[in-house]
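Comments concern the structure below.
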Amino acid sequence: MSLDPIILTQDLLKCPSVTPHEAGTMAIVSEFLTKLGFTVERFDSGAVSNLYARNGSASPHLCFVGHTDVVPTGELSAWTKNPYAAEIFDQKLYGRGVVDMKGAIGAYLAAIGRYLQTKPSLKGSLSILLTSDEEGPAVDGIRYVVERFKERGEKIDACLIGEPTNTTSVGDTIKIGRRGSLNATITVNGKAGHVAYPHLAKNPIPYLLNYLHSLLLIPLDTGMGYFDSSHLEVTSLDVGNPTTNVIPMQASAKFNIRFNPLHSFQSLTEYLHDKARLANLNQEGVNYTLKIGGSGDAFICEDKALQNLVLESVSKITGCVPVLSTSGGTSDGRFLKDICSVIEFGLTNTTAHQIDEHIKVDEIHRLSAVYQHIIEQFFV
Ligand SMILES: [Zn+2]
């Protein structure tokens, strides 16, 4: 059994596991962990595969979380390397998902393998939780497993997520939280009519523009702690009117809000309806609908001991002083935060989701060393 993180990563890269397919990745992980004494369970739901492997039954319990699914290759002819051949050129390992995040899974598997060789009896529990649905809808993935964990009272103290967190090299950034994300579609309904007789119609466009203007005029906040200011971005304006002489009946817009813990889904929903009332979107001849969706509230890791443990491990192994950050998109941490402390550290994200996704071989080794140090310190 190889404990080389590069070979482990290459084995995973050769599986074309585009969401929600696991394409053989779960069997690779399962076989590896079974040999190390882990009990492997599957929590599959719909087309999504979820694997949970645990070694030990006592506290403290450290869980590594990741996903084996990858985004599609995009235009294949644009790749200069085969995205599923896992080849190394110039000390760089190429492949779809190497950065996000099969390289981190390989690094972690090798780290626990090395650790358990030296310390076969654990002073707590080590586990690994993997899904094949992080890049997709994320409904049947970690969210589903967290619900099952709540039902059976599975106790986890800390989760380490292997998403690519660094911006230039392994060691520069640890994610200690994430902003929340809310998507909204506002549709304003008026009354269609002839442009020459506007008094007989009710044009919804000025009402929609007025509403959006009121949202953009005043910033939501100026930031807090480790969080940047919350931000609203309008992403689409849709009227779909092919004519120039007809006042349309309907106008809609889409926008996204990335928000810090000064806001919640609930408070922002109320805010958006308040603004609609102030913009007179509900009056004689005019009304609106507001559809809200998104991926969860903001959160931050309040567990200072875990934060320090990861910070010290990263500093010691990489020689860097990492920035503690909450920037970037969402991750499965949004579901796990309900049952345990969550922190994220992985590879460098420069080529994630890109054509010719790749990472320096060296970086996977360094990440694996960081993970091993975190495990050692966690069970001291
Ligand atoms: Zn990812």
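Under a plain spin-label model, where a point goes 7 Å from the Cα along Cα-to-Cβ, how far apart in nm are PHE379 and TYR271?
That separation, rounded to one decimal, is 4.5 nm.
For helix 103-118, what angle does its Cα long axis make with the longest principal axis of the chain, in degrees from 0 to 90 and rounded to 10?
30
What ranking of CYS15, CYS159 emerges when the number of other C-beta atoms within 10 Å of each C-beta is taken as an exposure proxy, fewest first?
CYS15, CYS159
Once you sort the root eigenvalues of the Cα gyration tensor of region 21-68 as a ≥ b ≥ c, which label holds: rounded (a/c under 1.5), prolate (a/b larger than b/c) or oblate (the other case)?
Judged from the Cα gyration tensor, region 21-68 comes out prolate (a/c at least 1.5, a/b above b/c).
Viscosity 0.890 mPa s, temperature 25 °C: what is the translational diffusion coefficient of region 107-147 from Stokes-Einstein with a Kirkwood Rh over Cα pairs, rounded to a whole number of µm²/s?
Working: Rh = 12.4 Å.
For the chosen part, D equals 198 µm²/s.
When DSSP assigns beta bridges and you keep just the ones with both residues in the chain, what percent turn out antiparallel, to the nearest 5?
Values: 50 of 70 bridges.
Of those bridges, close to 70 percent are antiparallel.
Under 5 Å between amide H atoms, partner at least 5 residues away or on a different chain: which partners does PHE64 have, H built in plane at 1.01 Å?
SER127, ILE128, LEU129, LEU160
Using the Cα centre of region 180-296 as the reference point, and only Cβ charges (+1 on K/R, -1 on D/E), how large is the resulting charge dipole? Debye, rounded to the nearest 20. Let's see the in-between values first.
Values: 7 positive and 7 negative charges, 59 e Å.
So the magnitude is around 280 debye.
Let me make sure I get this right: for the chain, a, b and c are the square roots of the gyration tensor eigenvalues over alpha carbons, sorted descending. Under 1.5 in a/c it's rounded, otherwise prolate if a/b > b/c, else oblate. Which is it?
Here the chain falls in the prolate category.
Convex hull over the Cα atoms of region 180-296, averaged projected area in nm²?
The Cα convex hull of region 180-296, projected and averaged over all directions, gives 7.5 nm².
Listed highest first by mean packing, meaning other Cβ atoms within 10 Å per residue, what order do 192-202, 317-327 come in?
Put in order of decreasing packing, that is 317-327, 192-202.
Given THR73, THR351, SER267, which one lies farthest toward the positive end of the charge dipole of the chain, if we put +1 on the Cβ of every Lys and Arg and -1 on the Cβ of every Asp and Glu?
SER267
What list of ³J(HN,Hα) values in whole Hz, one per residue of region 285-296 in order, does the Karplus curve 6.51 cos²θ - 1.76 cosθ + 1.60 (θ = phi - 60°) give from phi, with Gly and Pro shown as x?
So the J values, rounded to whole Hz, are x, 10, 8, 9, 10, 10, 9, 10, x, x, 10, x.
May I ask which residue of THR330, ILE88, MET1 lies farthest towards the positive end of the charge dipole of the chain, with charges of +1 (Lys, Arg) and -1 (Asp, Glu) on Cβ and the Cα centre as origin?
THR330
No value in this document is a laboratory result; all are computed from the given coordinates. Worth saying up front: this structure is predicted, and the values here are computed from it rather than measured. Quick reminder, even Gly has a Cβ in these numbers, built from the backbone with ideal geometry, and neighbours come from all protein chains shown.
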